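*Asks:* Sharing a structure below in structure tokens format, with a few things to ask.
The values are calculated or read from the model by the stated rules, or taken from the named source; none is laboratory data. Keep in mind that what you see is a predicted model, and the values were worked out from it rather than measured. Positions of Cβ are backbone-derived with ideal geometry, glycine not excepted, and every protein chain shown enters the neighbour counts. Note: areas computed on protein heavy atoms with side chains; ligands, DNA, RNA excluded. Shrake-Rupley method; radii C 1.70, N 1.55, O 1.52, S 1.80 Å.
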Amino acid sequence: MIQRLFYSILNKTARQIKGDSYQLDSSIPIMAVTGIAFRRLVCLVRSAVRGFPLKKKIFIGNKVELRNRRLIKFGNGVTLGNAVLIDGLSREGVSLGDNVNIGDYTRIEASGTITDIGRGIKIGNNSAISAFSFIGGAGGVSIGNDVIMGQWVSFHPENHNYVSLDLPIRLQGVNRKGIVVGDDCWIGAKVTFLDGAHVGKGCVIAAGAVVRGEIPPYSIAAGVPARVIKSRKGSVSS
């Protein structure tokens, strides 16, 4: 009876943050659930100590570093894992939508240099990137709603110029197009996005792929460089 009541309270609280469809797995032992709830409470207290309003329910892990915080916008229910670093310095800043989850040890850096600051980074509602990932925002990164990403995913929206043989490459400047990932995509572990990548809505990108150029909506893509191998709508690419 007490266990059912405890689960009911936790589910109700979680749904207020995550939405009506959120439901804890009933097979989780009560002690494990208690530990999870305690750790989440600690993260919530930590965010309050840092000055975040409790009504936003921001969950901040241990050793999180927020640089240029005034340029970082947080939606409700955002979770930042342990040792996450976010630097908002850029023209448009960093925007995290509702229920965004940033995995442990992930770095989000909106600018690569202070001599030519970046455009910025936007991550939509209910999207998540797993541990040990990197998002650079020099040329701009836009990630849609409901995007799930594995570990070690990286975004690099900038290229170095290298035409001249008389100047070091580091002195030849850069060019930028930006990276876009549409809504409702599944990005596998260790996927690398290069500048100019544009992934349409509903795509699946296989683990280890290197994405450049355009991937049409509802495609399944794999390889280096990533190529469409199938459509979720049923047609197979040659």
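*Asks:* So, in nm, how far is label Q172 from label T115 when the simple model puts each one 7 Å beyond its Cα toward the Cβ?
*Replies:* Once both label points are built, they end up 1.5 nm from each other.
*Asks:* Same structure again: For the stretch 137-238, which trypsin sites (Lys or Arg not before Pro) are both in a DSSP coil and crowded by at most 13 other Cβ atoms within 10 Å? Mind showing how you got there, number by number?
*Replies:* Details: sites: R170, R176, K177, K190, K201, R212, R227, K230, R232, K233; in loops: R176, K177, K190, K201, R212, R232, K233.
Loop-located and lightly packed - R232, K233.
*Asks:* Determine Rg/Rh for the stretch 163-238; Rg is computed over alpha-carbon atoms and Rh is the Kirkwood hydrodynamic estimate from the same atoms.
*Replies:* Details: Rg = 15.1 Å, Rh = 13.4 Å.
The Rg/Rh ratio comes out at 1.13.
*Asks:* Heavy atoms only, probe 1.4 Å: what % of the accessible area of the stretch 126-216 goes to carbon and sulfur, would you let me know? Before the final figure, lay out each step's value.
*Replies:* On the way: 2460 of 4320 Å².
Roughly 57 percent, rounded to a whole number.
*Asks:* Let me ask something additional. Please report the accessible area of D98 (heavy atoms, 1.4 Å probe, ligands and nucleic acids excluded) in Å², nearest 10.
*Replies:* For D98, the solvent-accessible surface is approximately 60 Å².
*Asks:* Which one, A128, V224, N159, is farthest towards the positive end of the dipole of the chain when Lys and Arg carry +1 and Asp and Glu -1 on their Cβ?
*Replies:* With unit charges placed on the Cβ atoms, the residue in question is A128.
*Asks:* If you place +1 on the Cβ of every Lys and Arg and -1 on the Cβ of every Asp and Glu, how big does the dipole about the Cα centre of the chain come out, in debye to the nearest 20? Walk me through the intermediate numbers first.
*Replies:* Details: 30 positive and 16 negative charges, 136 e Å.
Value, rounded to 20: 660 debye.
*Asks:* Kindly express, to the nearest 10 degrees and within the range 0 to 90, the angle between helix 2-18's C-alpha long axis and the longest C-alpha principal axis of the chain.
*Replies:* Approximately 30 degrees, to the nearest 10.
*Asks:* Quick one: pull the percent of accessible area on the stretch 49-117 belonging to carbon and sulfur, 1.4 Å probe, ligands and nucleic acids left out. Mind dumping the intermediate values first?
*Replies:* Working: 1650 of 3480 Å².
That share works out to 47 percent.
*Asks:* If you don't mind, there's one more thing I want to ask. Give the ranking of M31, M149 by solvent-accessible surface, highest area first, calculated with a 1.4 Å probe.
*Replies:* Details: M31 145, M149 10 Å².
Sorted descending by solvent-accessible area, the residues read M31, M149.
*Asks:* Can you return the aspartates and glutamates within cross-link range of K201? Criterion is Cα-Cα under 12 Å, with same-chain partners fewer than 8 residues away left out.
*Replies:* D146, D183, D184, E214
*Asks:* A further question follows. What does the net charge come to around R67 if you take all other residues with beta carbon closer than 15 Å to its beta carbon, with K and R at +1 and D and E at -1?
*Replies:* +3
*Asks:* Using a Gaussian network model of the chain whose springs link C-alpha atoms within less than 10 Å, name the residue from I108, I121, I36 with the highest mean-square fluctuation.
*Replies:* I36
*Asks:* Rounded to a whole number, what is D in µm²/s for the stretch 84-238 from Stokes-Einstein with the Kirkwood radius over alpha-carbon pairs (4 °C, 1.567 mPa s)? Don't jump to the answer; show the numbers that get you there.
*Replies:* Numbers: Rh = 15.7 Å.
Approximately 83 µm²/s, per Stokes-Einstein.
*Asks:* Based only on the alpha carbon positions, what is the Kirkwood hydrodynamic radius of the stretch 32-121, in angstrom? Mind showing how you got there, number by number?
*Replies:* Values: mean 1/r = 0.0744 Å⁻¹.
Averaging 1/r across every pair of different Cα atoms and inverting gives 13.4 Å.
*Asks:* Grab the DSSP H runs of the chain that are 4 residues or longer, score each as -39,500 (n - 2.57), total them, divide by all residues and round the 222 nm result to the nearest 500 deg cm²/dmol.
*Replies:* Details: 2 runs with 37 residues, N = 238.
Calculated at 222 nm, the ellipticity per residue is -5500 deg cm²/dmol.
*Asks:* Just the ratio, please: alpha-carbon radius of gyration of the stretch 119-207 over 2.2 N^0.38 Å, N its number of residues. Walk me through the intermediate numbers first.
*Replies:* Details: Rg = 14.3 Å, N = 89, 2.2 N^0.38 = 12.1 Å.
The stretch 119-207 yields a ratio of 1.18.
*Asks:* With point charges of +1 on the Cβ of Lys and Arg and -1 on the Cβ of Asp and Glu, referenced to the Cα centre of the chain, which listed residue (V147, F38, F59) lies farthest in the positive direction of the dipole?
*Replies:* With unit charges placed on the Cβ atoms, the residue in question is F38.
*Asks:* Still on this structure: Please list, or write none, the aspartates and glutamates whose alpha carbon is within less than 13 Å of the alpha carbon of K55, excluding same-chain residues fewer than 8 places away.
*Replies:* D98
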